[in-house]
Amino acid sequence: MILNGKETALNLNNALKLNIQEDLKKYRAPHLAIILVGSHPASLSYIKGKLKAAESVGMKATLHHFEDDVQTETVYQMIQALNNDKDVDGMILQLPLPKQLDEAYLTQAIDVSKDADGFHVLNQGLLYQGKPAVKPATPYGMTLLLKAYNIDVLGKHAVIVGRSNIVGFPIARLLMDLGATITVCHSKTTDLSYHTKQADILVVSVGKPHLINKNMIKKDAIILDVGINKVDEKLVGDVDYNDVYDHVSAITPVPGGIGPMTIHALLLNTYHLYEKHVKINTK
Ligand code: NDP
């Protein structure tokens, strides 16, 4: 089975659009602000997708675009202005940033109540304590995709390759919350395939094309491939899709798998922040 993130995200975005249409009868539109630094082609393409998706569900989306050589203080001031703007519900700072910028400082400058990407330490702390938090968009999107395909995680062994703060580490926590037993692998893991072969659910978020092949997976595993790599002008995942296809019970394609679900989760995070700003504050 192909876990079609593109189609699932479209369906979920349509449902979100209906909610927003209903809200617009009483309230202003939800507003997502995006800060982009530089003109990295991949970032430009991600931003385009996010702006288009936000507008397609009836959100207001604004782009604040800086040159490559902008200094930390200038971006910080923009974040503060957006923090203070009552019309803005969610904000993201597109990563990666050019080297001269202090990424940790800027990410933490985003007000927790507008942290649409869920990268703020407070949101991450709440998540790791199992408390309500803005969930990072990619792991959140993955759980929504599993739910859409009625894939029950309870009691399964999930092996995660990659331990980044935005994907590997938080998906470990979310799948554990859903009742999975977790193994997390990384660059220092010895005998990676020993671990990947144990996986009922294998999540791969590394950034190395075709790192995982059919000899490294258990028959009928469920594969969530987060990696996006450009090879010969084509996008491929971290998993060798054609090689593993006949050995898996379900797999996400690249492109069209986790990417669109990440965008949907970002919109959903923004919508939930909007609900808190507009609905709760007017009660
Ligand atoms: P990072 O680049 O931050 O980290 C990569 C992780 O992979 C690290 O934990 C690293 O280990 C681990 N790693 C590196 N080499 C190996 C190896 N040979 N074996 C096992 N583990 C290894 O990861 P991200 O999670 O940010 O991104 C990973 C990929 O996912 C990228 O291709 C990115 O473009 C893509 N991505 C896609 C998204 C989507 O929406 N589809 C969203 C976010 C990312 P260590 O910690 O030891 O260094």
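Only the coordinates and a few stated rules stand behind these numbers; no lab work does. Source: prediction; values computed, not measured. Note: ideal-geometry Cβ built from the backbone for every residue, glycine included; neighbour counts use all protein chains shown.
If Lys and Arg each add +1 and Asp and Glu each add -1, what is the summed charge of the other residues whose beta carbon sits under 10 Å from the beta carbon of Asp23?
Value of the local net charge: +2.
With a cut-off of 14 Å, note down the residues of region 119-159 whose backbone N falls inside the zone around a label point 7 Å from the Cα of Gln198 toward its beta carbon.
156-159
Tell me which lysines have Cα within less than 17 Å of Lys219's Cα, excluding those fewer than 8 residues away on the same chain?
Lys156, Lys197
Out of all DSSP beta bridges with both ends in the chain, state the antiparallel percent to the nearest 5. The partial results should precede the final answer.
On the way: 3 of 33 bridges.
Of all bridge pairs located within the chain, approximately 10 percent are antiparallel.
Over the chain, what relative contact order in percent results from Cα pairs under 8 Å that are six or more residues apart? Don't jump to the answer; show the numbers that get you there.
On the way: 535 pairs, mean separation 57.5, N = 283.
It comes to 20 percent, rounded to a whole number.
What residue among Gly162, Ile34, Asn150 has its Cα farthest toward the positive end of the dipole of the chain, where the charges are +1 on Lys, Arg and -1 on Asp, Glu, each on the Cβ?
Towards the positive end, the residue furthest out is Asn150.
Let me know the charge dipole size of region 28-113 about its Cα centre in debye, to the nearest 20, where only the beta-carbon of Lys, Arg (+1) and Asp, Glu (-1) is charged.
Value, rounded to 20: 420 debye.
Which peptide among 89-95, 218-224 comes first, and what is the full order, when sorted by highest mean count of other Cβ atoms within 10 Å?
Packing order, densest peptide first, comes out as 89-95, 218-224.
So what is log10(I(q)/I(0)) for region 52-143 at q = 0.12, 0.19, 0.24 1/Å, when the Debye sum runs over its Cα atoms only?
-0.41, -1.01, -1.35
Less than 14 Å Cβ to Cβ from Pro260, Lys/Arg counted +1 and Asp/Glu -1: what total charge do the surrounding residues give?
Working: positive: Lys6, Lys48, Lys50, Lys52; negative: Glu7, Asp225.
For residues surrounding Pro260, the net value is +2.
How do Leu32, Leu44 rank when sorted from fewest to most other Cβ atoms within 10 Å of their own Cβ?
Working: Leu32 28, Leu44 14.
Ascending Cβ contact count within 10 Å gives the list Leu44, Leu32.
What is the Rg over Rh value, at two decimals, for region 137-259, using alpha-carbon atoms and the Kirkwood definition of Rh? Could the numbers behind the result be given before it?
On the way: Rg = 12.9 Å, Rh = 14.0 Å.
Rg divided by Rh gives 0.92.
Which one, Leu63, Leu51, Ser113, projects farthest toward the positive side of the charge dipole computed for the chain from Cβ point charges (K/R +1, D/E -1)?
Ser113
Between Val236, Val204, Val121, find the one with the highest GNM mean-square fluctuation for the chain; connect C-alpha pairs within less than 10 Å.
Val121
So how strong a dipole does the chain carry about its Cα centre when Lys and Arg Cβ are +1 and Asp and Glu Cβ are -1, to the nearest 20 debye? Please report the intermediate quantities before stating the final value.
On the way: 29 positive and 29 negative charges, 149 e Å.
Using Cβ point charges on Lys, Arg, Asp and Glu, the chain gives about 720 debye.
What number comes out for the charge environment of Val236, summing +1 per Lys or Arg and -1 per Asp or Glu over other residues with Cβ under 10 Å away? Could the numbers behind the result be given before it?
On the way: positive: Lys230, Lys234; negative: Asp225, Asp232, Asp238, Asp240.
Taking every other residue near Val236 into account, the sum is -2.
Which of rounded, prolate or oblate describes region 189-245 when judged by the alpha-carbon gyration tensor and an a/c cut-off of 1.5? Don't jump to the answer; show the numbers that get you there.
On the way: a/c = 2.06, a/b = 1.64, b/c = 1.26.
Prolate, because a/c is 1.5 or more and a/b exceeds b/c.
Report the convex hull volume per residue for the chain, counting only C-alpha atoms, in Å³. Write out the running numbers ahead of the final one.
Values: hull volume 36.9 nm³, N = 283.
Convex hull of Cα atoms, per residue: 130 Å³.
In nm, to one decimal, how far is the modelled label at Glu22 from the one at Lys99, with both set 7 Å along Cα→Cβ?
5.1
Take the alpha-carbon centre of region 158-189, take the same for region 49-94, and report the distance between them in whole Å.
A separation of 29 Å, based on Cα centres.
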